[in-house]
Amino acid sequence: DIQMTQSPSSLSASVGDRVTITCRASQSISIYLNWYQQKPGKAPKLLIYAASSLQSGVPSRFSGSGSGTDFTLTISSLQPDDFANYFCQQSSSSPRTFGQGTEVEIK
Amino acid sequence: QVQLVQSGAEVKKPGASVRVSCKASGYMFTDYYLHWVRQAPGQGREWMGMINPSGGSTRFAQKFQGRVTMARDTSTSTVYMDLSSLKSEDTAVYYCARGGLASLGSPFDSWGQGTLVTVSS
């Protein structure tokens, strides 16, 4: 199975900050990396697919980059609605595997 | 719009089985794989398996082989996930999620609201 290592596990940031979350795969997954946002008690929401493609309706302050084994999710200017849990997922091979998640908290 | 609506919370005793349903609407049901993902309290997310609603073929994570089955009813656009021989470690929120047209490569672009399954004696 492909292991997905996400960091940090949590971070504190202020509104307006630039936030970066990383995800590393245990082997190359090309660009088959997706990012999701999840709020307490809610279903996950797809933000970025294929490493850097913005899902329809997602604000442009979210962006993704990377290929192979190293990937990054960036929030260019953190907004109040962005405080949530973020996690990565590889869709290169079965079983699909997930990063452990990053909790973005208010500083 | 795409919607996945899951059945309600369940409480089961160890050794029992549970069935969770996921009713799809807003798109052609047979065109997209449906996946099941669970998250236990304080744990990471686990992919359990997937079903092709078109032909009914399934693929499961090795961890759940022999304990999980998935089925679909095309007349009601509903998929079912059955998990047997429940243990306390199966206490989790179970999600269905829509994948792509192919079994690999696509993200999960819509998710059900989640179903809490509690296993307790």
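Against the definition (aliphatic (A, V, I, L, M) and closer than 25 Å to B:Gln113 by Cα), how does A:Leu78 come out, yes or no? Against the criterion (aliphatic (A, V, I, L, M) and closer than 25 Å to B:Gln113 by Cα), A:Leu78 does not qualify. Filtering segment A:10-23 to residues that are farther than 15 Å from A:Gln89 by Cα and either within 14 Å of chain B (Cβ to nearest Cβ) or part of a strand (DSSP E or B) (or both) leaves A:Ser10, A:Leu11, A:Ser12, A:Ala13, A:Val19, A:Thr20. With the structure loaded, tell me whether A:Leu47 is within 11 Å of chain B (Cβ to nearest Cβ), in a strand (DSSP E or B) and of a type in the set (A, V, I, L, M, F, W, C) or whether it fails that test. It is true that A:Leu47 is within 11 Å of chain B (Cβ to nearest Cβ), in a strand (DSSP E or B) and of a type in the set (A, V, I, L, M, F, W, C). Of the residues making up segment A:24-44, not a single one is assigned to a strand (DSSP E or B), in contact with a Lys or Arg (Cβ under 6 Å, 6 or more places away or on another chain) and either of a type in the set (D, E, K, R) or on the phi > 0 side of the Ramachandran plot (or both). Kindly indicate which of B:Met81, B:Met48 is within 13 Å of chain A (Cβ to nearest Cβ), in contact with a strand residue (DSSP E or B) (Cβ under 9 Å, 6 or more places away or on another chain) and modelled with pLDDT of 95 or more. None of the other options fit; the residue is B:Met48. Report whether or not B:Gly26 is facing chain A (nearest Cβ under 10 Å), at positive phi and surrounded by fewer than 21 Cβ atoms within 10 Å (Cβ to Cβ). When the stated conditions are applied, B:Gly26 does not pass them. Restricting A:Gly101, A:Gly57 to residues that are out of contact with any Phe, Trp or Tyr (no Cβ under 6 Å at 6 or more places or on another chain) and either touching a residue at least 24 places away in the same chain (Cβ under 8 Å) or within 11 Å of chain B (Cβ to nearest Cβ) (or both) narrows the list to A:Gly57.
The values are calculated or read from the model by the stated rules, or taken from the named source; none is laboratory data. Treat the numbers as computed from the prediction; the structure is a model and nothing was measured. Counting neighbours? That spans all protein chains shown, and the Cβs are built from the backbone with ideal geometry, glycine included.
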